[in-house]
1. How many residues does region 25-61 hold that are of a type outside the set (G, A, S), assigned to a loop (DSSP other than H, G, I, E, B) and open to solvent by 50 Å² or more (accessible area, probe 1.4 Å)?
2. Would a scan of region 9-22 turn up a residue that is touching a residue at least 24 places away in the same chain (Cβ under 8 Å), open to solvent by 60 Å² or more (accessible area, probe 1.4 Å) and among the hydroxyl-bearing types (S, T, Y)?
Amino acid sequence: ERIVRKGPATTYKQLKHADLKKNGQKHDTDKDGRLDKGTVVSCLEIKKWANGNIWLRIPSGWVCAVYKGKVYIK
């Protein structure tokens with residue numbers, strides 16, 4: 001999904017709009033802490049879990065690319 005989290009799993013805290021970096025805030029127009037649909041992200045790190053989940057570290061935090069087989073970021 002487009003939720004930005006503190007770490008690479010759903011157990012980590014969801015960040016608020018104010019927690020996002022300036023560019024992240026620009027792509028959260030409704031200020032709910034989620035990036036707007038279609039936002040292009042800069043991947044700084046990839047975390048692949050044994051269960052198939054894939055998380056990407058972006059400047060503002062971590063976003064889920066693949067979760068339970070569903071692709072959120074291509």
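1. Number of matching residues: 12.
2. There is at least one residue in region 9-22 that is touching a residue at least 24 places away in the same chain (Cβ under 8 Å), open to solvent by 60 Å² or more (accessible area, probe 1.4 Å) and among the hydroxyl-bearing types (S, T, Y).
The values are calculated or read from the model by the stated rules, or taken from the named source; none is laboratory data. The structure presented is a predicted model; accordingly, all values stated were derived computationally and were not measured. Because the Cβ atoms are built from the backbone with ideal geometry, glycine has one as well, and the counts that use them run over all protein chains shown. For the accessible areas, the whole protein counts, side chains as well, though only heavy atoms, and no ligand, DNA or RNA atoms are used. Shrake-Rupley method; radii C 1.70, N 1.55, O 1.52, S 1.80 Å.
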